[in-house]
Every structure is written in C-alpha cells, then in structure tokens.
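A.B. asks: Structure incoming, see below.
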Amino acid sequence: MITATTKASETFVCTSRIAIIPLLILSSAAIAGAQITSNPLPEPIVKRGLAVEVKDLVRLPDTRGVRPADRDVNPAGWARVSYVRDLPDGRRFANDSRGFLYLIDAGNQTPHLYADVEAIFPLGVYNRLESGFIGFAFHPEFASNGLFYTVHSEMGAGNSKIPDFIPISYGLKDVTYHNVITEWHATNPAANTFEGTRRELLREAHVVQNLTHPMGAVEFNPFAKRGDEDYGLLYTSGSDHGFSNGSGPNASNPAQTQRLDSIMTAILRIDPRSPSVTHGQKGLGDYTIPMANKFAADGDPNTLGEIYAYGFRNAHRLSWDTDGTMFASDIGMNQIEEVNIVHNGGNYGWMKREGYFDNGRPRGGALDQLYPLAPEILDGRVKDGFTYPVIAYDHDEGRAVAGGFAYHGRIAALNGKFVFGDVQSGRVFVSDVSAMKKADDGIPKTVAPVEEIQLYVRDASGKRVDVSFRGLAEKTMGKDLTRADLHIGRSREGELFLTSRQDGMIRMLVPDSGGAATPTAGR
C-alpha cells in the first residue's frame, strides 16, 4: 500500500461524397500570451445532412426508491443504465448503477436480474452520477472461465477494509470513499443467474468530500486475439479522483496530477490474474503487472508499472478500433471536451493542459482559465512531452463528452466514422476515423472535424420524425429533464446503443426502416 502521512501543499444524409476530410487548424487569432476570455473554439458543430434512425429496444426495471433519496443522485430517474454489453454467445447484459446487473432476453423484451451487486456490498454509495455499481466487463474467455469484472464505490466512513492505494501524502484518516474492482467467477458461465465466488483485485481511495471522477470503467480490447500483447489485459478509466473539482480541504491539488508514483489521472492496464497464479510482478492490488507496459519496463522503481497512460482529468470511457487504435473520451473542466488516441506511456497533460491550451491553475490562476500554447509548441516545432487530443469541442456545444466507437456496422453512412456524443446535452456527433488518426501527428493544433447527427424515428404511419435524444428521454419519462445523461455502447455486431441514466431505456441506431418494422439488430 502506498500512503504517506503528511499532506502536500498546493505548490450527418450520407457524407460518403467527401473523399478527404481535412484537419482543422486552430485559428492564429488564439495565439497570444494573454488569458483567453472569448470563445476558445468559435467554430460551431453543425448538422450537415447525416441522419440516422433510432429505435427503442427495451427498458430496464423501475428502481426509483430502492436507495435512500439522500444517497441517490437522481432519485427521480427510472433506472441509471450506463453500460450495455454483448457476449459472443449472443446474451446481452446491462447495468443499473443502483446495484443491479441484468440479462436481457433474446427478443429484447424482458430484463432478468443476473446479479444483485448491492446485496454483496452494503456500504455502496449512490450520491454521484458516477457512483454505485459503475461498470462491468466480461473476460474474453468468459464462456470457459466464467470471469467478469465490476467497479463499484463504497463509503469510507465505517469501512473496515484498508485501501491498496491512498493518494500520495494523505493517510487513512483522510479517506472519504473507496473504489473497488472485483473479479467474479461464475460456477456455470451459461447460467442465466449468477452463482459463484468473487475476488477483490484493487481497492483505492478518494480523499475529497464528494465522489467526483471515480475509476468508472473496466474494459478489455475486444479486437485483441489470443497471442496478442493486449489479449486478456484489463484496462481502467483514467481520472483525477476529484482533485480538480471535488469539494473539501483536499480538493483542487495540481501536485497530484502529474506523477508516475500515483494512479491519479492514470489509465491502468493490468493482467487480472493473481501473481500467485502468474508468478509475475505484483501490482498495488491482487493482479499482475504486464511487462509490456512502458512504465513496468523502464527500470525505475519510482514509477508504477500498471500505468498505461496518464494525465487525464476524467477519461471515463475507452474503446478500440479494429486495428488496435485505442480511444479515450476525457471530460474537461470548464472549457474543453476531448477525445484522445491513447498510447502506451503517453502523458495527456492534465492539470497542465486542457485540450490544446494551457490551464490556468499551474500558472497560479484558476482551473476555469485557459491560455494559448506558445506558437512553436502549438505548431509542433517544439515538443513539450504531452500528447494532444484528436477531437476537441468547447462548452457552448456541450458539457461532458460521452464515450464513442469507431463504427463498422450496417448503417452505410456511419461506416468509417467515430460516433460519440455529449453526456449532458444528448447531442450525438461523428468524426472521420481516418482524420482522427491523421490528427494524431504530434502537432497540438491539428484536430479532426466534427458534425452532429440528426436522429429520427418513424411514427405509426412510417413518417420520419426528427428528434433529439434528450427529447426521447423526456417523452419516455413524461416530463422535462435538466440533462440527457447520454451514454453509448456497442453490440457484438458493431451496432450502437444509446442509453440514459434518466429513463432506463436502451435504444439502438439502426439502418433506415423506410417505415417498415426493423428487425432487432444483432439478435
């Protein structure tokens, strides 16, 4: 366990007609030394004719009231669904972060309770958007080994468990919450209700007063094959654990965000097998460090070998393209949302950078301040050691970037696009994957263009009706909503789910039905 006892001081119709999509170049007007006080990214994201049909699939059960209202961030929300996962055998699972894992039947008609996670962890906390039973992932060999992994959050007060990791310079007395990664072993992987055992892989601590930016995701690279370096390795999301906008005396601490002896801001890559099985190098918890990680093989005892990349504020969603390219959607502070291509050993800048700007806090200013990069850094003539985003938008377009996926499915207009969105507004965006990869060139000022998808449904007569995702959730709930809470998932065939933590409905982007009934995609 790494701890210390002395606190540190703060020191969108089809776009296939476009053969080549150029990269955007940051306006030279932004290149100046003074603080940026106007719109940092004035070019708006607009709809350019790309429209995609969306259909309801199934609604999770109503879990309003199952948690005390003072411990539930959204007690009026029907179900807090954030992930939908398909197994290779065709079974579909979804979570309600209030503590339930559901198996959805083959006709997408009825969810059945697969596991009650809350019943196992009575200290679960649900008073933040990323809280409770936050995420889950199945091992690529689940059919034979029965292993899957969850992330959940717990209260620190009254908790008898000792975290494997507490932020550097803090001690056990400072711990407010725990984030826990658990391995579950299903005795019968084919069973439709979980029975089996569990093992704790990692328990790590928060020291801020509110559970802001926990470790919210666990992921396997779905395109890694047996024998590949990445096969069977588990990734976690990367976050600053509330050191940017958590509350309390321990919040807003830049000294916690650019370290390699800490998991703050880091995406971890681990072999989830215990070192007692692999006889490999032990990590902070009961897992093995892959020696292919850059910081595992650097010979430096002061770096944590489980770190894959670092410098993220809240890279809450991860995904991969078929060629192994890894993407992370990183939620910004007050100004910039970004999507990054993630590289082994990369430093993505937080809290020194937000998007391709200097953040004000390390300069002695505030976290909501931006400053332009020096021109020679901005155009790539001088390297500063940071890796910059391939997509960026500012807060007049949305407030929190949602996860996204490189699309390779049945909707022709989306093929070759990275489909993502904004959590709060519910807007759904696309960018050309090839332009994103081209923007991963080491030059901060180059990013890929973004456009907005127009969603639509077909009414009973087959007529197209344009809609917004937030509007769909509002119609299902029968009331106005202050936020959409959009999340995006991918089926085993590559089709995309749209879900909300508000209405509990699982929806899917589908090829245009032309007014006819569309077969349930992938089932």
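A.B. asks: In percent, how large is the relative contact order of the range 24-510, given Cα pairs closer than 8 Å and 6 or more residues apart?
C.D. replies: 16 percent
A.B. asks: Would you please put 378-387, 422-431 in order of how densely packed they are, using the mean number of other Cβ atoms within 10 angstrom per residue and starting with the highest?
C.D. replies: Per-residue mean Cβ counts within 10 Å order the peptides as 422-431, 378-387.
A.B. asks: With r as the distance between the Cβ atoms of A76 and D441 and R0 = 56 Å, compute the FRET efficiency 1/(1 + (r/R0)^6) and round to 0.05.
C.D. replies: Efficiency computed from Cβ-Cβ geometry: 0.75.
A.B. asks: With 10 angstrom as the radius, rank M508, M291 by how many other C-beta atoms surround their C-beta, starting from the fewest.
C.D. replies: Neighbour counts put them in this order, fewest first: M291, M508.
A.B. asks: Any idea what the dipole of the chain comes to, in debye rounded to 20, about its Cα centre with Lys/Arg Cβ at +1 and Asp/Glu Cβ at -1?
C.D. replies: Magnitude of the dipole: close to 620 debye.
A.B. asks: I've got another one for you. Under a plain spin-label model, where a point goes 7 Å from the Cα along Cα-to-Cβ, how far apart in nm are A460 and R198?
C.D. replies: 4.6 nm
A.B. asks: Ordered by packing density, taken as the mean number of other Cβ atoms within 10 Å over each peptide's residues, highest first, how do 343-350, 436-443 rank?
C.D. replies: Order by mean packing, descending: 343-350, 436-443.
A.B. asks: Taking percent of Cα pairs over 45 Å apart straight from the coordinates, which label in (1) 13; (2) 18; (3) 9 is the correct one?
C.D. replies: (3)
A.B. asks: From largest to smallest, what semi-axes in whole angstrom does the range 59-215 give when each is the square root of 5 times an eigenvalue of its alpha carbon gyration tensor?
C.D. replies: Ellipsoid semi-axes (Å, largest first): 28, 19, 11.
A.B. asks: By how many nm would the segment from F223 to Q35 grow when fully extended, if each residue of separation counts as 0.36 nm and the alpha-carbon distance is taken off?
C.D. replies: Contour length minus the Cα-Cα distance gives 63.4 nm.
A.B. asks: Something else: Please compute the modelled spin-label separation between N159 and H279, points set 7 Å along Cα→Cβ, answer in nm with one decimal.
C.D. replies: Those two pseudo-labels are separated by 3.5 nm.
A.B. asks: Would you mind working out the magnitude of the charge dipole of the range 261-372 relative to its Cα centre, with +1 at each Lys and Arg C-beta and -1 at each Asp and Glu C-beta, to the nearest 20 Debye?
C.D. replies: Magnitude of the dipole: close to 180 debye.
A.B. asks: As a check on your grasp of the helix formula, calculate [θ] at 222 nm for the chain: sum -39500 (n - 2.57) over DSSP H runs of n ≥ 4, divide by the residue count, round to the nearest 500.
C.D. replies: Helix-only estimate at 222 nm: -1500 deg cm²/dmol.
A.B. asks: With 20 Å as the cut-off, how large is the P(r) tail for the range 148-229, expressed as percent of Cα-Cα pairs?
C.D. replies: 48 percent
Quick note: the coordinates plus some simple rules give every number you see, no bench work behind them. Small disclaimer: the values here were computed from a predicted structure and weren't measured. Neighbour counts are summed over all protein chains in view; Cβ atoms, including those assigned to glycine, are modelled from backbone coordinates with ideal geometry.
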